[in-house]
Amino acid sequence: HVQLVESGGGLVQPGGSLTLSCAASGSIYSIRTMCWYCPAPVKERELVAIITGGGVTNHADSVKGRFTISRDSAKNTVNLQMVGLKPEDTAVYYCRMSYDTRFYGRNLEVWGQGTLVTVSS
């Protein structure tokens, strides 16, 4: 059983910083991608940032220069460092991981429960 546990959300003033963390545990053979999503007006969830198993990253245009995704491979953890936060960044941020197992399938997907970020004065 593979699960993701997110942490780090909270209330912050505009211009402030937060770091979200997402820790994966369970029968993971290899991680393909880890990413962060948040709800979007048009579609259910919008990709905020993604990091591949090889360490290649990509960030949504709206957060480039402010958010940075990184990964601790030894701990199967992905972080999202958020600086210069704006009220419009307020959302529940979800972690998603695609991964392979040794015996139970490949290219599987799991989501975290979400962590709330509120940017307000």
Query raised in the report: Which numbered condition trips up residue 26, out of (1) touching a residue at least 12 places away in the same chain (Cβ under 8 Å); (2) among the small types (Gly, Ala, Ser); (3) at negative phi?
Result: (3)
Report task. Select from the range 87-119 the residues that are surrounded by 12 or more Cβ atoms within 10 Å (Cβ to Cβ) and polar (S, T, N, Q) and write down the one among them that is nearest to residue 27 (Cα to Cα). Result -> 101
Query raised in the report: If the Cβ limit is 7 Å and pairs must be 6+ apart or interchain, which residue in the range 87-114 that is farther than 14 Å from residue 23 by Cβ pairs with which residue that is charged (D, E, K, R) and open to solvent by less than 60 Å² (accessible area, probe 1.4 Å)?
Result: 106/100; 107/100; 109/96; 114/6
Query - Residue list for the range 74-97, filter: over 18 Å from residue 111 (Cα atoms) and out of contact with any Phe, Trp or Tyr (no Cβ under 8 Å at 6 or more places or on another chain) - result: 74, 84, 85, 86, 87, 88, 89, 90
Report task. Sort out which residues of the range 33-44 are among the hydrophobic types (A, V, I, L, M, F, W, C) and assigned to a strand (DSSP E or B), and write them in order of number. Result -> 34, 35, 36, 38
Query raised in the report: What single numbered condition from (1) farther than 15 Å from residue 78 by Cα; (2) part of a strand (DSSP E or B); (3) not acidic (Asp, Glu) fails to hold for residue 1?
Result: (2)
Report summary line: If we ask which residues in the range 81-121 are out of contact with any Pro (no Cβ under 7 Å at 6 or more places or on another chain) and part of a strand (DSSP E or B), their number turns out to be 18
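Here is a yes/no grid of residues against (1) touching a strand residue (DSSP E or B) at 6+ places or on another chain (Cβ under 8 Å); (2) outside any loop (DSSP other than H, G, I, E, B):
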residue	(1), (2)
11	yes, yes
21	yes, yes
31	yes, yes
54	no, no
61	no, no
69	yes, yes
74	no, yes
Query - Any hit, the range 95-102, residues being among the polar types (S, T, N, Q), more than 16 Å from residue 2 (Cα to Cα) and within 15 Å of the chain's Cα centre (by Cα) - result: no
Query - Number of positions in the range 10-24 that are farther than 11 Å from residue 94 by Cα and either polar (S, T, N, Q) or surrounded by fewer than 17 Cβ atoms within 10 Å (Cβ to Cβ) (or both) - result: 8
Query raised in the report: For the range 74-86, which residues satisfy the criterion of being open to solvent by 10 Å² or more (accessible area, probe 1.4 Å) and in contact (Cβ under 8 Å) with a residue 24 or more places away in the chain?
Result: 75, 76, 77, 79, 81, 83, 84, 86
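The values are calculated or read from the model by the stated rules, or taken from the named source; none is laboratory data. Every value quoted in this text rests on a predicted model; they were computed, and no experiment measured them. Using ideal geometry, Cβ is built from the backbone for each residue, glycine included, and neighbour counts are taken over all protein chains shown. The accessibility values were calculated without ligands, DNA or RNA, using every heavy atom of the protein model including side chains. Shrake-Rupley method; radii C 1.70, N 1.55, O 1.52, S 1.80 Å.
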